[in-house]
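Written below as structure tokens is the structure these notes are about.
The values are calculated or read from the model by the stated rules, or taken from the named source; none is laboratory data. Note that the structure is a prediction, hence the values are computed from the model and not measured. Positions of Cβ are generated from backbone atoms using ideal geometry, with glycine treated the same way; all protein chains shown enter the neighbour counts.
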């Protein structure tokens, strides 16, 4: 392993599902009347794809060593991320030992500070970082979870994000999270419609099943506070990402004003330890939800998690399948995980990154045994049925 040196980095683009899970065909629940920051414009209210949520596509990062070892990862970012990886980030990897992960992360981040810090640049860095961990696992013939401290439990429990919490309960999940459909532009009528749907779902699942609202950055403090307080009678467990990611002051106010026992959660669109430090030091939330494919990769997520642990905050990553499972099973402050229901009608369990990965494990009865993660690296392979397009080279 001491002589394993990175020889080549490649970045390719894939369309149609995968890491860019919003890139779905017509009729999928994930694109059906979900409240967004663009919902204030009627023309963009019905479909998230109408304002371009799926324009980026998936980027696939592949890394090879001079000895023939191979690692890869996928995330959102498409062609712009591929350009950044090929034309800028690759120089900090090629010729390095596969064990130099911390050094490579630091150089990628600092070299892109003048145009990066978050967003698509951090997506690109995250994809590279995940591919590096997969590569190191292939070299060592160890699963990623074993290399970051080892599992602290025998299985992972999941809640389901989708349009049908009632079906999720039947499948064994511990809770169901629904996307809010109405925002401030719909006023009191929107709050009433959300409460009616929540009440119907509570009647369907009973008192002990978790129900949560995912607001996808689309509300303001006033509307979110009214919705949270009105939803308390239906046992809403948490209200998620109610405000724009940069409104730390609004989140702090919302957390102070929601009913006692209801959690405020956010962080899906936050990045790096510095962004999450603001969330925690300003007491903006009870639970953070970094996406390991967007926040800076596994290397950064480990630092974010340690910071959260010191602040008494839970860490439940946003989606991201195997890339978060290996993390969750090693952290005491990550007691459960999210599973995105990628079946169009949210009526069955399918791999999150369908149709991109081979060997992608899925929960059975809402649980995943850690033994399912015991293959080298992240334990998955690229499907032979997908078409990779490499738009840039270096």
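Per-structure values
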quantity	calculated
Enumeration of residues in segment 197-246 that are closer than 30 Å to residue 281 by Cα, in contact (Cβ under 8 Å) with a residue 12 or more places away in the chain and part of a loop (DSSP other than H, G, I, E, B)	215, 216, 217, 218, 219, 220, 235, 241, 242, 243, 244, 245
Some residue of segment 47-66 being part of a helix (DSSP H, G or I) and touching a residue at least 40 places away in the same chain (Cβ under 8 Å)	no
Residue within segment 172-179 that is in contact with a helix residue (DSSP H, G or I) (Cβ under 7 Å, 6 or more places away or on another chain) and in a helix (DSSP H, G or I) present	no
Positions within segment 86-100 being part of a loop (DSSP other than H, G, I, E, B) and either within 13 Å of residue 8 (Cα to Cα) or under 22 Å from the mean Cα position of the chain (by Cα) (or both), in sequence order	93, 94, 95, 96, 98
Some residue of segment 323-333 being assigned to a loop (DSSP other than H, G, I, E, B) and free of Cβ contacts under 8 Å to residues at least 40 places away in the same chain	yes
Positions within segment 339-360 being outside any loop (DSSP other than H, G, I, E, B) and in contact with a strand residue (DSSP E or B) (Cβ under 6 Å, 6 or more places away or on another chain), in sequence order	339, 340, 358
Options 298, 314, 307: the member that is touching a helix residue (DSSP H, G or I) at 6+ places or on another chain (Cβ under 8 Å), surrounded by fewer than 24 Cβ atoms within 10 Å (Cβ to Cβ) and more than 18 Å from residue 153 (Cβ to Cβ)	307
Segment 1-21, residues that are surrounded by fewer than 17 Cβ atoms within 10 Å (Cβ to Cβ) and part of a loop (DSSP other than H, G, I, E, B)	1, 2, 3, 15, 16
Residues located in segment 318-330, provided they are within 15 Å of residue 303 (Cβ to Cβ) and either outside the structural domain of residue 287 (by TED's automatic domain parsing) or surrounded by 24 or more Cβ atoms within 10 Å (Cβ to Cβ) (or both)	327
Single residue of 224, 193, 188, 204 found to be surrounded by fewer than 18 Cβ atoms within 10 Å (Cβ to Cβ) and either in contact with a helix residue (DSSP H, G or I) (Cβ under 6 Å, 6 or more places away or on another chain) or at pLDDT below 95 (or both)	204
Criterion: crowded, with 18+ Cβ neighbours inside 10 Å and closer than 24 Å to residue 125 by Cα - qualifying residue of 98, 55	98
Hey, residue 120 farther than 30 Å from residue 39 by Cβ and in contact (Cβ under 8 Å) with a residue 40 or more places away in the chain or not	no
Any helices (runs of 4 or more DSSP H) falling wholly within segment 101-165 and containing at least 3 residues that are in contact with a strand residue (DSSP E or B) (Cβ under 8 Å, 6 or more places away or on another chain)	120-140
Hey, residue 73 crowded, with 20+ Cβ neighbours inside 10 Å and within 17 Å of residue 354 (Cβ to Cβ) or not	yes
